[in-house]
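None of the figures in this text is laboratory data; all of them are computed from the coordinates on show. These numbers were taken from a predicted model, which means no experiment stands behind them. We place every Cβ from the backbone using ideal geometry, glycine too, and count neighbours over all the protein chains shown.
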C-alpha cells in the first residue's frame, strides 16, 4: 500500500504545528508532494560481494556522525528529486544525475536555474560510499577537480552554485520548513522536526551513499573466475589488463575500477581546463582530473570531464591513437622515451573492449525503485 503525502497530510501536520509558521510558496504547494511506501524501503548497505568488500583499492565508509538509516535515506531521496532546492523551483539534484544514466547527465554539461550552463560533465555518484584506500591528501576528495572535501560539502556546493541550483542554504531551510509535510520526514530521520542546512546535506548524502551497484554481469562473472564471459568479452578483459598496450587497469583498478590519484590523460596538448591545478595553484596539476569509476560506463555518456566524446568507441579511438603530449601527461600513458602511448587498437579490439565494458552495466540498479523519483509530475 502506498501513502500519498498530499494536502490532507499537510493539513494534519499543520494542525499540530505552530499556527504562526510560514505558509509555503504557491509554486511549491502540495500537488507535487512525494508518494512513499507505508513501510520504508531498505537503504542500509548489505549483500556486498566479497570481491568488493576485500578490495585493497577502496574502502567502504560509514561515518558515525551520519550513518545510513532507512528514514534518513528516504528523506534524502525526496530532497534529491525535489525542485524546491533550486532558487526558481526548476532544478533538482536529479536534473543533472539521472538514474537511467547511472546518475550522470546525458548532456555534455548540465543546465542550472535560468538555463545557466555548467562547466563540466556530471560525474556518476554510484558506489560513492567507497573511497580509495590511499588518498594523496589524506582524505576523500570529490568532483572532477577534487575541490569538495566531503560529500556533504559537495551537496552544498551544488545547491549554492549560481550555475546549478543558485539557492542560499539558509533560505532553503526556511523554504522547506514552510512545506507542510517536510517536518515529519525530518523528524523520522533525525528525531526532531527542525530543518537545517546540515540535516539537508546529511540526508542527501545518506541517499547517495546507499546507491550501491553490484549486480552487473561482471560481478556475477567475477564470482566464478570470469568463466561466464563470452569469448569477445574475455578478449576485451585481456586487452583491458594488458600492460604492454595501454594497461587500462592501471588507472581503473580493482572491482570498482577506481583510482585515488587525479591524472592528466592528454586530452589536449596544452591546458584548456586547469582542473586540479585551479584548486592547488600548482602548474604540475594543470589538466589533471579525478579518474571516474567505470561501473555502468556504457550508459554514462558523454564522456570525459567536458563531455567531448559521445560514445565509448570515440573514447577508445582517442586512447588508441590520439593521446596528446601535454607536459603533465600521466606516466602510465607515456611510451618509453616519454611520448604518448599509441596502442593502435584494431576495430575488432575496440569492439572487444566495448563488449567487456558493457558487462559492467547493472540493469537492476538502473530501475531500482529505491532510487527512483518519488514525485508525481504534472
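Things to note:
- Inter-centroid distance (Cα atoms) of the stretch 153-208 relative to the stretch 328-377, Å: 33 Å
- Per residue convex hull volume, Cα atoms of the stretch 199-251, in Å³: 108 Å³
- Using a simple spin-label model with pseudo-atoms 7 Å out from Cα toward Cβ, residue 334 and residue 45 lie 3.6 nm apart.
- The stretch 36-110 and the stretch 254-286 have Cα centres separated by 26 Å.
- Cα gyration tensor shape for the stretch 201-329, rounded if a/c is under 1.5, else prolate or oblate: oblate
- Working note: 222 nm ellipticity from helices only, DSSP H runs with n ≥ 4, each -39,500 (n - 2.57), summed and divided by the residues of the chain, gives -8500 deg cm²/dmol to the nearest 500.
- Rounded if a/c under 1.5, otherwise prolate or oblate - the stretch 256-374, Cα gyration tensor axes: oblate
- Within the chain, DSSP assigns beta bridges of which about 90% are antiparallel (rounded to the nearest 5).
- Relative contact order (%) - the chain, alpha-carbon pairs under 8 angstrom, separation at least six: 22 percent
- Rg/Rh (Cα only; Kirkwood hydrodynamic radius) as it applies to the chain: 1.00
- Whether the stretch 75-165 is rounded, prolate or oblate, judged on the alpha carbon gyration tensor where a/c under 1.5 counts as rounded: prolate
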